[in-house]
Amino acid sequence: MPEDKTYADVPLVVQSDRRAAPDDMPAAELGGWRQTFRALRHRNFRLFCFGQIVSLCGTWMQSVAQNWLLYRITHSEFLVGLNYFCLQIPVFALGPLGGLAADRLSRHRIIVVCQTLLMVQALALWLLVFTGHGQVKWQYVMVLALAQGCINAFDMPGRQSFVIEMTGREDLLNAISLNSSLFNAARVLGPAIAGVLVYRLGEALCFLINGLSFAPVIIALLMMRLPPFRPPESISPWEHLLEGYRYAYRTLHLRYLLLLLSANTLAGMGALVLMPFFADAILGRGSRGLGILLAAMGVGALIGTLVLASRGTQRGLARVILLGAGGLGVSLILLAISRNFYFSIAVMVLLGFSTLRQLAATNTLIQTVIPDQYRGRIMSLYTMTVVGLGPFGSLATGALAARAGAPLAVAVGGVLSLAAALLFRSRLAIFERSIQQETPA
């Protein structure tokens, strides 16, 4: 079968400012803060980060405001959970189509279209609440949540597979780590701003701000300088899809990484779903304590990704992934047995640190070892694993917590994560051999 040539014959990066000496300096020769932020040498990635800084804060503001809106108008924990399900399940159901699109169409164009549609979705939510005069129907909110999830099913694989085109392989680890750092910085800042705005001015303003925050992203994307898109050779979409998934199945190290991520997604979901219960019923700190615990997780995640960004090499990422999975398991067990609020804060820092280091390292390792013609379809599997399995983990955790209590449900997740880490450790030598045999030059 002829090989796809979506991006195989064009350069991955267009260096835009050749006059600046630091942009041409090899990553290994950079030191200090330049090593940590070296991916910013690339003009396209700088533009991308500029847009993300604004937009991600808006996204987190909308998430908090949307959950609070549903709780305020329904007082139903089930409907708040259903909102999360509507946001995440399309990523699992439509993920294969999103990955296929990322390998057959211009990834840059996909992102521009998806960001524009997300802007429309946020502004529609603002209009719904602004004109509703307190009589917003929860069914409309769910429809818009489902629409957002469908857009994300195409946006996520496109964005994940687009990073290497902005930076190249040498700075891929740094770029993914910095992108994760921006996400987690917004995870701390966005909810804090949303909490103040919702309390003083209502939810509608958060939706409006999020809608407007997509403008810098779209402008930054349109300002990028990229090589012309070259479509793949003409084969049927169905065969193209199966070809990518056959590659993922027969590639041992990809199977191991995706299975480990699946176990950790299912195991770790309990901590997030049941965190309000821990903050209020177990630790007695109410909504304020919930905010502090979630912020602590965000701080840990930010530290973890910045530490990962400071690495000058991609060697040893398998052990970073192993330690991250083990750290997640330990932190979940400690959270389950903790009855001290300040100790729980420290545990949440560890949980965020371990989880996001593992995710960023796994993302980098996958993107480093796969041929570019499969990138979109493989990254769709990554997003389906990390995001799309979330609703199933939520349902399993909720069912177990209803029967045996929240602490036991979280502890079971910790044991599952530790078991997955130990199994991965037992196969580590085979895993590393597989990478060496199939990593593209």
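FYI, it's all coordinate maths here, none of it is from the lab. Please read all numbers here as calculations on a predicted model, not as lab measurements. A quick note on method: Cβ atoms are made from the backbone with ideal geometry, for glycine too, and the neighbour counts reach across all protein chains shown.
General remarks:
- Per-residue ³J(HN,Hα) for region 195-203, Karplus 6.51 cos²θ - 1.76 cosθ + 1.60, θ = phi - 60°, Hz, x for Gly and Pro: x, 5, 5, 4, 5, 8, 10, x, 6
- Contact order relative to length of region 303-372, as percent, for alpha carbon pairs under 8 angstrom and 6 or more apart: 49 percent
- Put simply, when 298-304, 116-122 are sorted by average Cβ atoms within 10 angstrom per residue, most first, you get 298-304, 116-122.
- From the largest down, region 80-164 spans 45, 23, 16 angstrom on the principal axes of its Cα atoms.
- Sum of -39500 (n - 2.57) over DSSP H runs of 4+, divided by residues of the chain (222 nm, nearest 500): -26500 deg cm²/dmol
- Here residue 200 and residue 432 are evaluated by their C-beta separation; at R0 = 45 Å the FRET efficiency comes out at 0.25.
- Between residue 93 and residue 419, the simple spin-label model (points 7 angstrom out along Cα→Cβ) gives 3.0 nm.
- Residue 73 sits among other residues whose Cβ lies under 12 Å from its own Cβ, and their net charge, with Lys and Arg +1 and Asp and Glu -1, is +1.
- Relative contact order [Cα under 8 Å, 6+ residues apart], region 190-318, whole percent: 7 percent
- Each other residue within a Cβ distance under 15 Å of residue 289 adds +1 if Lys or Arg and -1 if Asp or Glu, for a net charge of +2.
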